[in-house]
Every structure is written in structure tokens, then in C-alpha cells.
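Enquirer: Before I ask anything, let me first share the structure, which is written out below as C-alpha cells.
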């Protein structure tokens, strides 16, 4: 655990004793550039005349302006780069605040229970990543037109990365998820969340979907030729599902490239299905009849998930990272995650946990009997030609320990 002693940190806490305790812990870590405030309103006054901190450490229950209101102001005015929430309240409230802060666009390093400990706080502070902050700031400044995106498609500036999916019990790679990126000539690699909505609204999504399918299946054919017999998962948008000829287009490109349908999984979010229910259900039924796998993506993020499971022939259930990340530390998430995995098994679906980013969540996922794992703890998304190197060098931490011979 390495703490960057050059960080600027602000502590907001109405208890003078606990505020000084937090500042002492930071001082012991070697962090000298600190600010303090006794409540939310005082914090905003202090920040008005000081440089913005890298990390804001805030309590929730404070007089005058509580931590929840402070977080909203911090996010709206971009007064801090990252957040640590400190409280003695129950984990359900803390999880709500954490999600709220993330939806406001803040980087949440984690939740700390009172009283603060040196190791616990140091672990959270060490999670601060200047590159993540820089990426977030850059994405917030992106400004594209539909014409820019059309030119990107025409000039083949879109590239594919692939995130490995491994079996939880053995760490063996089972497949990959195909993720499109825009290799922008000036801004570098742009994530899909920054341009997919525009493609959907501007009528480019079919062209993008065809590109992703074609490129991913050709890459899959190359892997198969080398003896790496895995599957690839491709995301389908709501607009694509509403296209009557989608099933025929997918079958045609798969046949032309020479890939058996069983090696292609199509991931669909529940909200995508709801956009045009009749057309979507017909398309999904035809895809299953043709032998393609269907996965419900982001399961647990909507209110109709159970209904979708009952009426769509899914083969895979991908549990959203909001139920996975931190489940080893949050009892309520643990319960929901366990219940979802058990339900998936009883429905004879392959269960996939996405968003696994640390050893504790990895171990919990294995303990709960989830089938497949995906996330940064396994691997970040990789270019296609980097997968072989990752298989040789990047999977040791995923292997179960060998039984001792003694």
C-alpha cells in the first residue's frame, strides 16, 4: 500500500476530536497539504479561498449542511477530484450515498466506518489515481458532432478491445466481451459511453453494430485457428433490437466468416427490450432458434428484471457491478448477490459477475458458486493481439492454490 504524500486532502467533520484524529492519521501517512472544516457550509467557504483538494473526506451527519448536500455542491462545482465518505451509519445508507456521488460524476474511493483506523484510511487514500481523474476530466470535456462520428466510422477510427471472462472455480478463460473504442486522432482512446448514445440517436447504430460483429467474429476466427476455442459476447442496443432483419444479418455475417452460432453471445439490457417489446421479443426468439446465446446484461439495475427473465430465452445472466463491487464488505450486497446467483442456477443460466476489481470480491464470488467472472481484477479490456500474452503472463493470480503434498 503506497500513499502519495503530495496529495491535497480536505477533512469535513463536525466533531473536533474526530476531525483532528483524521488529520493526525493523514500526517502520519506523510500528507501535509490538508484543509479542514466543521460542516458542509464551512467547507464551501474554505474551498472558495483555497485550491481544490484531490480528496475530500466527509462525514454525513453534520449541522447546518450535511454531507449529502455537500457532496452535491462539490460535484456540481467540481471542487474535489475524489471522495471518501466516513460514517457510523448502516451500510444501506452509505451505499445509497456512494451511488449518488458516482451518479454526480465523482470518483468514490470508498466508505470508512468510524472510528477511522490508519490502515483503513491509508488503503482508501492509496486508491487515488491521477490517471483516472485525468480520464474523467477529459471525458467531461468531450464534444463530438454526429458528423465527427460518421467520419470516424468511414475512416476506420473505431477499434475493438476484448475483456476476458474466466471461470470462477479455475480461472480458465471461457470467453471475451467485445468492447468498441474510438481511437480519436486528438483525444486518444474514447470510451463507448461517450459516443454510443449519439450513434443511436443519429441513426448510426446499425452501422456500428455491423462493424463490431464483423471485426469481433474475424478476431474470433483467428483465435479458433490458433486453438483458442472461446466465445465472444457482443452488446446489442435498443435500436438494433427493433430492427426486423437483425437476426438475419447476424446469421449471415456469422455464416460468411465461418463461426458456429454457439460461439456468439448477444448481450441485451432489460431496458433495450422495453423500447419496442413486440419487435424485440420476436428478434430474440429468432436469434435463439438460430443457435445464438442470449445474455441479460446489467441484471439488477432495473425494476423489470424478473419479468424479462420469465419471457425471454436467455442463456446467461450477467450480474451488474453495482451488486458485485464491494459485496465482500457490504452485507446487504452479499445477500442480494448470493440470491441472484442461486436464482440463476435454478433457472439453468450461466451466471456472470462483472465489475470484480479486488481479491476479496473475487474470493466471495468463488465461494458463492458463480460460474464466470469479469472485471479489472481478471483483466482490463485488451486489443485482440494482446490476449495471448495475457494468457501466458496475467492469469497466475486467478488459479486456485494447489493442495499441499504434506
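The values are calculated or read from the model by the stated rules, or taken from the named source; none is laboratory data. This is a predicted model, so every value here is computed, not measured. In this analysis, Cβ positions are derived from the backbone assuming ideal geometry, glycine residues included, and neighbour counts consider all displayed protein chains.
Enquirer: In a strand (DSSP E or B), buried (at least 21 other Cβ atoms within 10 Å of the Cβ) and either touching a strand residue (DSSP E or B) at 6+ places or on another chain (Cβ under 9 Å) or at pLDDT 95 or above (or both), is that true of residue 62? First the steps, then the outcome.
Expert: Working: in a strand (DSSP E or B): no; buried (at least 21 other Cβ atoms within 10 Å of the Cβ): yes; either touching a strand residue (DSSP E or B) at 6+ places or on another chain (Cβ under 9 Å) or at pLDDT 95 or above (or both): yes.
The answer is no for residue 62.
Enquirer: For the range 1-19, what are the residues that are surrounded by 14 or more Cβ atoms within 10 Å (Cβ to Cβ) and assigned to a helix (DSSP H, G or I)?
Expert: 18, 19
Enquirer: Also, I was wondering about something else. Quick test for you: out of 147, 120, pick the one residue that is outside any loop (DSSP other than H, G, I, E, B), at pLDDT 80 or above and not assigned by TED's automatic domain parsing to the domain that holds residue 177.
Expert: Result of the check over 147, 120: 120.
Enquirer: Report, by residue number, each residue of the range 68-116 that is assigned to a loop (DSSP other than H, G, I, E, B), within 22 Å of residue 7 (Cα to Cα) and touching a residue at least 40 places away in the same chain (Cβ under 8 Å). First the steps, then the outcome.
Expert: Just the residues of the range 68-116 that are assigned to a loop (DSSP other than H, G, I, E, B), to begin with: 78-81, 88-90, 104-106, 114-116.
Then keep just the ones that are within 22 Å of residue 7 (Cα to Cα); that gives 78-81, 105-106, 116.
Within the range 68-116, 80, 81, 116 meet the criteria.
Enquirer: Sort out which residues of the range 301-321 are modelled with pLDDT of 85 or more and either in a helix (DSSP H, G or I) or surrounded by fewer than 16 Cβ atoms within 10 Å (Cβ to Cβ) (or both), and write them in order of number. Step through it out loud before you land on a result.
Expert: Restricting attention to the range 301-321, the residues satisfying the condition of being modelled with pLDDT of 85 or more are 313-321.
Of everything in the range 301-321, those that are modelled with pLDDT of 85 or more and either in a helix (DSSP H, G or I) or surrounded by fewer than 16 Cβ atoms within 10 Å (Cβ to Cβ) (or both) turn out to be 313, 321.
Enquirer: Quick one: residue 357 ticks every box in (1) closer than 19 Å to residue 177 by Cα; (2) at pLDDT 95 or above; (3) surrounded by fewer than 19 Cβ atoms within 10 Å (Cβ to Cβ) bar one, so which box is it?
Expert: So residue 357 meets the others, but not (2).
Enquirer: Can you name the residue in the range 162-173 that is surrounded by fewer than 18 Cβ atoms within 10 Å (Cβ to Cβ) and closer than 23 Å to residue 261 by Cα and is also farthest from the chain's Cα centre (by Cα) among such residues?
Expert: Looking at residues that are surrounded by fewer than 18 Cβ atoms within 10 Å (Cβ to Cβ) and closer than 23 Å to residue 261 by Cα, I get 172.
Enquirer: Taking only the range 209-251 into account, find how many residues are modelled with pLDDT under 90 and part of a helix (DSSP H, G or I).
Expert: Of the residues in that region, 4 qualify.
Enquirer: State whether one or more residues within the range 82-96 are in contact with a helix residue (DSSP H, G or I) (Cβ under 6 Å, 6 or more places away or on another chain) and farther than 27 Å from residue 327 by Cβ.
Expert: no
Enquirer: Being crowded, with 21+ Cβ neighbours inside 10 Å and under 22 Å from residue 91 (Cβ atoms) narrows it down to one residue among 373, 335, 324; which is it?
Expert: Working: 373 fails: under 22 Å from residue 91 (Cβ atoms); 335 fails: crowded, with 21+ Cβ neighbours inside 10 Å.
Only one candidate passes the filter, namely 324.
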